[in-house]
Amino acid sequence: MFKNNLKIAWRSFLRDRQFAVLNLLGLATGIACTLLIYLWVNDELSFDKFFANSGQIYQLMEVRKLPGQTTLTDESSGLLNEVVALKAPEVKYATALAPPDWFPKSTLSTGDNNIKANGQYAGKDYFNIFSYKLVDGNRDKILADKSSIVISDELAMKLFGTTQNLIGKVIHFQHQKDFFVSGVFEKTPYHSSQQFDFVLSFEYLKDTQPWVKSWNNQGPHNFVLLQKGTDINAFNKKISNTVIQNTNNDTTRKVTSIKFTDSYLHYTFSHGTIIGDKSIYVRLFSFIAAFILLIACINFMNLSTAKASRRMKEVGIKKVIGAERSQLIVQFLSESMFMTMLAMLIALAITWLLLPQFNNITGKHLSLDFNLQLILALIGISLFTGLVSGSYPALYLSKFNPLAILKSKVSTSFAAVVSRKGLVIFQFTLSVILIVSVLVIYRQIQFIQSTNPGYNKDNIVRFDSEGKISNNEESFINRLKAIPGVINASFTLNQIVGRNYATNGVVWPGKNPKNDIYFEGFLSGYDFFETMDMHIAQGRDFSRSHGGDDSTVMLNEAAVRTMGLKDPVGKNIRLYGSNALIIGVVKDFHFESLHEAVKPAFFQLLHSNTNPWNKIIIKIKGGDQKQTISQIQKLYEEVNPGFPFSFNFLDEAYQKQYETEVRVSVLSRYFSGLAILISCLGLFGLAAFTAQKRQKEISVRKVVGASVTSITLMLSKDFIKLILISLLIAFPVSWYIMSNWLQSFAYRINIGTGVFLAAGASTIIITIITISYQSIKAALANPVNSLRSGD
């Protein structure tokens, strides 16, 4: 039976090549899109799942209750993990972490070998919680000593040329301090949200930066490994008041814990502030994959039921000679599965060809590794596609009465026509929703990229102030300004893009003591505002001519509004318990992405020798940037021998804030284009079938004088009606979806009528182009041939 059904499926494929090829192309394209999205979604879901006890790793968070809002932050005191471990026996291991994005790349040296690397500071049980594979070292002792350093095997090869027998070897850190290798770990896997090259002891950080162990300061991340079977709700209740009990009754800060494997998708933080939720895009693309596969299945159903009349006699004869309806259903489902398997083979080839470009767009390292999970996914997609696309045609074709079929008394039922039209409407509704979504996302991304952030981000070069430069940044900056092509230069503790640190230690006249408002703090040297082209709204900025501005402060406009100050210049506020004179107000600028409204901020003057994490910022002329940077590098290496020169441009960091949105925009364009293509393939086939079915009618009309134009319009108008109905359904649905998406941006576009007009016009034009070929071809055909035919 199976062999017979396979032969029939193949003969059916060869007999109706045009319909079969259209079906095959539509299915293959839909499956290829679904497979690409599946690989991407599966990759996103797999982050941080490789740890041995991933289900028991929790990150300790703070819930901050601020005026009018409650926020979640991944930053707290560096002592939180220790206290939680003491009060909760459910904790097996606990650690604090100062992550790599706190620090500039560090210079590690062995002899004359100087390497830049990303490092972090972690507690002694870090490697007991996070089971990165160790090449050498004891997990229980690897970070027990303050002078220990744990390095990746990749960094070991760069520094020593080997990964063997390195325990006890000396590594010179920033040409200032010696650390001793206590362990070597395999390079962090791609699917780890924590990416670093080396780890130093958190106890050493406590000695050099005492603020990390203050309960009134937040910054370090805290993690615990809980015992199996821990009731997480009871645990969270037990630890909730930990900060309150160790501060001066700071009731604004509650402690909770979140499963670490949930953090990557649901909580994207930047210096304690949530800046995104990747799970939104996982759901979005999962829906897109389902839409595209459904559109491909609808094509199959439409084309199969449309050409059902050609197979009615086959069905009638089989029923007369004893075939049961169930046997016919199996036959037609077999044909559907046969087509699906062919489509799957083509889809795999398409996926393999597109993967390099897809990886380039998504920034992934996806591959078609035929492991059990992928094989099961392929089987699942094939079964779903084959059964969904073949079930309706199978049930439709197998239900006809054999006597009516053989007497040619079967006509296409009203229900069949309505269902076919309904499928076309549904198919194009999904396509139009995708088109509108793509247009809105594209316009929002364009708006983001064209919005003035309040400073000039172009041609700003940044690099770390380290070594001898940090000992006298003022002198180094003066030498930088003498380089042709350098417009201005300064230094700052801040990244400028993204939050660095916030404080609630700002008090002003009339402040409600119950309002715990966090201000972003900026520390910068002279000429910072000039270098960044920031505008002073009132007063002045820091100036050497005023003989020192150590007890002064500048505010942004958001801070002035928050404080409710009128004429703020010349007034005093309290900052960290000391008086600070307001000397100026800076126009608001976006130091966070446009997802967030501009927060209140203050600025203090930063002097040399105050912080090892300062950054040099340089405004250079456009055009001959390469020559200017070469001169900057020459000066850097002259002042700082032994430190590799590493720089970046500020505009790159600015664009990185929207990396996810840009990728979503690009992918959405591709997938919506493919959805339209698949829909049009089906429409093309239906137009061809309609033209064939109405050949005699067309011929009669031509004989009595109908023009090619009138016949083309006659054949096209029914399809245009269906598309118009699709537009009426799709527009409100897409408006609702995209309005919700735009709510994640504090600064966003308005969805005007232009988006819907563009989507509607493009859909109608594409539809007309798709069906016009078949319509014109039928209208131009010689009517004599059709009228002579007995069909």
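The values are calculated or read from the model by the stated rules, or taken from the named source; none is laboratory data. Owing to the predicted nature of the structure, the values given are computational and were not obtained by experimental measurement. Every residue, glycine as well, gets a Cβ built from its backbone with ideal geometry; the counts of neighbours run over all protein chains shown. Accessible surface areas use protein heavy atoms only, side chains included; no ligands, DNA or RNA. Shrake-Rupley method; radii C 1.70, N 1.55, O 1.52, S 1.80 Å.
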- Task: Would you please list the contacts, defined by Cβ atoms under 8 Å and residues six or more apart or on different chains, that run from a residue in segment 444-463 that is modelled with pLDDT of 90 or more to a residue that is polar (S, T, N, Q)?
- Result: N459/Q625; I460/T531; V461/N648; R462/N648; F463/S646; F463/N648
- Query: In this structure, is A559 modelled with pLDDT of 90 or more, open to solvent by less than 20 Å² (accessible area, probe 1.4 Å) and farther than 30 Å from T208 by Cα?
  - Reply: yes
- Note on the structure: Residues of segment 76-93 being open to solvent by less than 30 Å² (accessible area, probe 1.4 Å) and in contact with an Asp or Glu (Cβ under 7 Å, 6 or more places away or on another chain), in sequence order, are S76
- Message: Looking only at segment 182-216, filter to residues that are under 30 Å from T252 (Cβ atoms) and open to solvent by 60 Å² or more (accessible area, probe 1.4 Å); which one of those is farthest from the chain's Cα centre (by Cα)?
- Response: D207
- Task: Name the residue, out of I517, I487, that is open to solvent by 30 Å² or more (accessible area, probe 1.4 Å) and not in a loop (DSSP other than H, G, I, E, B).
- Result: I487
- Message: Suppose the filter is open to solvent by 60 Å² or more (accessible area, probe 1.4 Å), basic (K, R), under 21 Å from I616 (Cβ atoms) and more than 31 Å from the chain's Cα centre (by Cα); does R544 pass it?
- Response: yes
- Message: When you check A117 against the structure, is it of a type in the set (G, A, S), under 30 Å from K656 (Cα atoms) and surrounded by fewer than 22 Cβ atoms within 10 Å (Cβ to Cβ), yes or no?
- Response: yes
- Filter pass, I749 being part of a loop (DSSP other than H, G, I, E, B), modelled with pLDDT of 85 or more and surrounded by 13 or more Cβ atoms within 10 Å (Cβ to Cβ): yes
- Considering only helices (runs of 4 or more DSSP H) wholly within segment 1-90, the ones with at least 1 residues that are modelled with pLDDT of 80 or more and in contact with a helix residue (DSSP H, G or I) (Cβ under 7 Å, 6 or more places away or on another chain) are 17-45, 80-87
- Task: Return yes or no: is S726 among the small types (G, A, S), within 25 Å of L22 (Cα to Cα) and at pLDDT 85 or above?
- Result: yes
- Message: Among the residues in segment 118-129, are any in contact with a Gly (Cβ under 6 Å, 6 or more places away or on another chain) and farther than 30 Å from L378 by Cβ?
- Response: no
- Note on the structure: Restricting segment 317-351 to residues that are among the charged types (D, E, K, R) and either assigned to a helix (DSSP H, G or I) or touching a Phe, Trp or Tyr at 6+ places or on another chain (Cβ under 6 Å) (or both), the one modelled with the lowest pLDDT turns out to be K319
- Message: So for segment 495-502 (the condition being part of a strand (DSSP E or B) and farther than 29 Å from Q625 by Cα), does at least one residue qualify?
- Response: yes
- Task: All but one of (1) more than 21 Å from N614 (Cα to Cα); (2) surrounded by fewer than 22 Cβ atoms within 10 Å (Cβ to Cβ) hold for D458, so report the exception by its number.
- Result: (1)
- Query: Looking only at strands (runs of 3 or more DSSP E) that fall completely inside segment 107-176, which ones have 2 or more residues that are closer than 28 Å to N81 by Cα?
  - Reply: 119-122, 134-136, 148-152
- Consider only pairs whose beta carbons are under 6 Å apart and that are at least six residues apart or on different chains; among these, list those whose first residue lies in segment 108-122 and is without any contact (Cβ under 8 Å) to a residue 60 or more places away in the chain and more than 13 Å from I149 (Cα to Cα) and whose second residue is polar (S, T, N, Q) and open to solvent by 20 Å² or more (accessible area, probe 1.4 Å). none
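Residues checked against (1) on the phi > 0 side of the Ramachandran plot; (2) in contact with a Gly (Cβ under 9 Å, 6 or more places away or on another chain); (3) open to solvent by 40 Å² or more (accessible area, probe 1.4 Å):
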{"position": "V497", "(1), (2), (3)": "no, no, no"}
{"position": "T503", "(1), (2), (3)": "no, yes, no"}
{"position": "M534", "(1), (2), (3)": "no, yes, no"}
{"position": "G539", "(1), (2), (3)": "yes, yes, yes"}
- Query: Tell me, which residue of segment 461-470 that is at negative phi and part of a loop (DSSP other than H, G, I, E, B) is most open to solvent (accessible area, probe 1.4 Å)?
  - Reply: K468
- In segment 149-164, anything within 17 Å of D178 (Cβ to Cβ) and open to solvent by 40 Å² or more (accessible area, probe 1.4 Å) is listed as F160
- Query: Based on what the data block shows, is E473 at pLDDT below 95, of a type in the set (D, E), buried (at least 20 other Cβ atoms within 10 Å of the Cβ) and under 30 Å from F173 (Cα atoms)?
  - Reply: yes
- Yes or no: F130 buried (at least 18 other Cβ atoms within 10 Å of the Cβ), farther than 20 Å from E203 by Cα and among the hydrophobic types (A, V, I, L, M, F, W, C)? no
- Just one listed residue, out of K177, K213, is of a type in the set (D, E, K, R), modelled with pLDDT under 95 and in contact with a Gly (Cβ under 7 Å, 6 or more places away or on another chain), and it is K213
- Query: Can you tell me how many residues in segment 633-670 are touching a residue at least 40 places away in the same chain (Cβ under 8 Å), farther than 30 Å from V440 by Cα and either open to solvent by 70 Å² or more (accessible area, probe 1.4 Å) or within 26 Å of the chain's Cα centre (by Cα) (or both)?
  - Reply: 2
- If you scan segment 248-263, which residues turn out to be at pLDDT below 85 and of a type in the set (S, T, Y)? T251, T252
